[in-house]
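Enquirer: I have a structure I would like to understand better, so I am pasting it below and will then ask my questions one at a time.
Every number in this text was worked out from the coordinates using simple rules, so none of it is lab data. Keep in mind the model is a prediction, meaning the values are calculated, not measured. We place every Cβ from the backbone using ideal geometry, glycine too, and count neighbours over all the protein chains shown.
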Amino acid sequence: DQQVKQNSPSLSVQEGRISILNCDYTNSMFDYFLWYKKYPAEGPTFLISISSIKDKNEDGRFTVFLNKSAKHLSLHIVPSQPGDSAVYFCAASANDYKLSFGAGTTVTVRA
Amino acid sequence: GAGVSQSPSNKVTEKGKDVELRCDPISGHTALYWYRQRLGQGLEFLIYFQGNSAPDKSGLPSDRFSAERTGESVSTLTIQRTQQEDSAVYLCASSPSPLPGAYEQYFGPGTRLTVT
């Protein structure tokens, strides 16, 4: 039962352009959302998070948007850089320790 | 400072054999988590430790899977009588607190298990 879904397995974007990654969830109890980034042969690393009391959180080139009514969140990367090429996981929590992850989106930034 | 480490990085085993996967969390982190990632899928929660106790083992797929943690540090995930469907990357994470709203989880590089 996949409670967090990333429907785009891959995304290719030109360097300098915006990358938009999408994530949908089904559990209305989720109140905290995170994005993780993963390079090959490494564990996921935390990127940015957002609480359900907000609809936007920004950190440098990374912005996460949350639409609670649509149970949808997105990650914007502007401008995209070659080092951003990685797998991005969306994760959600219902105010406890357990994180539910999406299947990931592989981002490739073209020079 | 050292991050989360896991060993071995790769393990190939024959069906029916037992395997042990090890996780060394970041020093001082009280919470420890095991996840599994099968090919093309997201991370699947297996078990959570707070200190040396495991209040939530609900994610363990079967009674062939067990885990322990000693000294509020090292954790071992054991899979008995391995099956081919156990093939996956097993990831360990730790955090200073179990609350994701306060702290994110720090992941190790994972152990890639292949059951032949």
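Enquirer: Rounded to whole Å and sorted largest first, list the principal axis extents of the Cα atoms in the stretch B:17-116.
Expert: 39, 28, 22
Enquirer: So, one more: Within 10 Å of each Cβ in peptide A:33-42, how many partner chain Cβ atoms are there on average? Round it to a whole number, please.
Expert: Working: counts 1, 4, 0, 5, 0, 6, 1, 0, 6, 5.
Average per residue, whole number: 3.
Enquirer: Hey, another quick one. Straight distance only, please: which lysines reach the Cα of A:K71 with their own Cα at less than 19 Å, same-chain residues fewer than 8 apart left out?
Expert: A:K5, A:K54, A:K56, A:K98
Enquirer: What's the whole-number percent of alpha carbon pairs in the protein assembly as shown lying beyond 32 angstrom? Before the final figure, lay out each step's value.
Expert: Values: 4697 of 25651 pairs.
More than 32 Å apart: 18 percent of the Cα pairs in the protein assembly as shown.
Enquirer: What number results when the radius of gyration of the stretch A:14-111, computed over Cα atoms, is divided by 2.2 N^0.38 Å? Intermediate values should be presented prior to the final figure.
Expert: On the way: Rg = 13.1 Å, N = 98, 2.2 N^0.38 = 12.6 Å.
Here the Cα radius of gyration is 1.05 times the empirical estimate.
Enquirer: Right, something else. When ranked by the protection proxy of mean other Cβ atoms within 10 Å per residue, highest first, what sequence do the peptides A:88-97, B:15-24 form?
Expert: A:88-97, B:15-24
Enquirer: Kindly state, to the nearest 0.05, the FRET efficiency for B:T13 paired with A:K68, given R0 = 45 Å and r defined as their beta-carbon distance. List each step's numbers first, then the result.
Expert: Details: r = 45 Å, r/R0 = 0.99.
Working from the Cβ atoms, E equals 0.50.
Enquirer: Taking 8 Å as the Cα distance limit and 6 or more residues as the minimum spacing, I'd like the relative contact order of chain B as a percentage. Don't skip to the end; give the middle numbers.
Expert: On the way: 286 pairs, mean separation 42.7, N = 116.
Dividing the mean separation by the residue count of chain B yields 37 percent.
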